[in-house]
Amino acid sequence: MGNGSVADPPIMSVLTKHFLGSTGLQTAALGLGTVKWGRNEGLKHAPFALPDDATCLRLLDAAEAAGVNLLDVAPAYGIAEERLGRLLAGRRDQFLLFSKTGEIFEGGQSSWDFSAAHTRRSVEESLRRLQTDRLEAVLLHCPREDVSVIRDTAALEVLHSMKAAGLIRAVGISTMSLAGGLAAVPLCDLVMVAWNTGFHEQQPVVEAAAAAGKGILLKKVLASGDLSAGGAVPAGMKALDYRLRSALGLPGHPVVIAGTITPSHLEENLAAAAAGAWPEAD
């Protein structure tokens, strides 16, 4: 705590933790995404500068104080893994590190490799960059052709073998399609799907995962920061609160992955998550 160079804002409450499916991992309903900590190109955001280490430390301090312990990262997030490896020195055990494999981002473009050799090498390099001996989860970072990745590549088998070796605690799949999400549920420990108040296409995946006791991570809940997306907001309620709290009303104690490089934005997310599920979520 207190590693940032600027005084940390007060945290009003500590988020309750729930088990993430049957993984044995306990996490708050909000996870901290780190793509913008390491990469500022090829994203659906207005131009921005990468935050400095002091800002990232403030964000980690605030997250830890509020009970947010899941950090979402990936090799395709530029320098994010390497940066987290440095910044978590001395408090690695306070956080759950969830990384990914499959997507490669170089020269402003993404490509994918789900071969057995690349998958193993990718996880080993993530361990090295993050300066740790294990990852709490690794997910397949699927492109749009997610069904073929799940069914026709060796990547998932390699992740399960690395889990058996103790290098990974849980195996997951970040999917892009309804068919891919439904195919993923019986084959892994957790799934990551897109959901927001204006996009419910993959909600059957959430329901299937909850029924099967699998962990659920939600992406795009805040539509990459475009709070005008997602339909009407109830009178007297802030768009951010409604969109985030609606996601928390889904079954299975889902975890909303929300990235930020701004401490005040994190505080808004924390306040919304602390308020709990919006009762009219469906």
Quick check on the stretch 76-91: of everything there that is in contact with a strand residue (DSSP E or B) (Cβ under 9 Å, 6 or more places away or on another chain) and either in contact (Cβ under 8 Å) with a residue 60 or more places away in the chain or hydrophobic (A, V, I, L, M, F, W, C) (or both), which residue is farthest from Leu50 (Cα to Cα)? Leu88
Pick out the one residue from Gly213, Gly180, Gly231 that is farther than 20 Å from Leu32 by Cα, buried (at least 23 other Cβ atoms within 10 Å of the Cβ) and out of contact with any Leu (no Cβ under 8 Å at 6 or more places or on another chain). Gly180
For the stretch 159-177 the number of residues that are surrounded by 24 or more Cβ atoms within 10 Å (Cβ to Cβ), among the small types (Gly, Ala, Ser) and closer than 19 Å to Asp133 by Cβ is 1
I'd like to know if the stretch 242-251 contains one or more residues that are assigned to a helix (DSSP H, G or I) and surrounded by fewer than 18 Cβ atoms within 10 Å (Cβ to Cβ). no
Does Asp241 qualify as being farther than 15 Å from His200 by Cα and without any contact (Cβ under 8 Å) to a residue 24 or more places away in the chain? no
Only one residue in Ile257, Ile216, Ile173 is farther than 30 Å from Thr55 by Cβ and in a strand (DSSP E or B). Which one? Ile173
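Yes or no, residue by residue, for (1) free of Cβ contacts under 8 Å to residues at least 40 places away in the same chain; (2) more than 26 Å from Glu136 (Cβ to Cβ):
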position: Gly172; (1), (2): no, no
position: Pro186; (1), (2): yes, no
position: Phe199; (1), (2): yes, yes
position: Pro204; (1), (2): yes, yes
position: Leu218; (1), (2): yes, no
position: Ser224; (1), (2): no, no
Please find, within the stretch 112-133, the residue that is surrounded by the fewest Cβ atoms within 10 Å (Cβ to Cβ) out of those that are among the small types (Gly, Ala, Ser) and over 20 Å from the mean Cα position of the chain (by Cα). Ala117
Residue check, Asn3 within 15 Å of Ile261 (Cα to Cα), at pLDDT below 95 and of a type in the set (S, T, N, Q): no
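The values are calculated or read from the model by the stated rules, or taken from the named source; none is laboratory data. Please read these numbers as outputs of a predicted model, since none were measured by experiment. All Cβ positions, glycine included, derive from the backbone under ideal geometry; neighbour counts span all protein chains shown.
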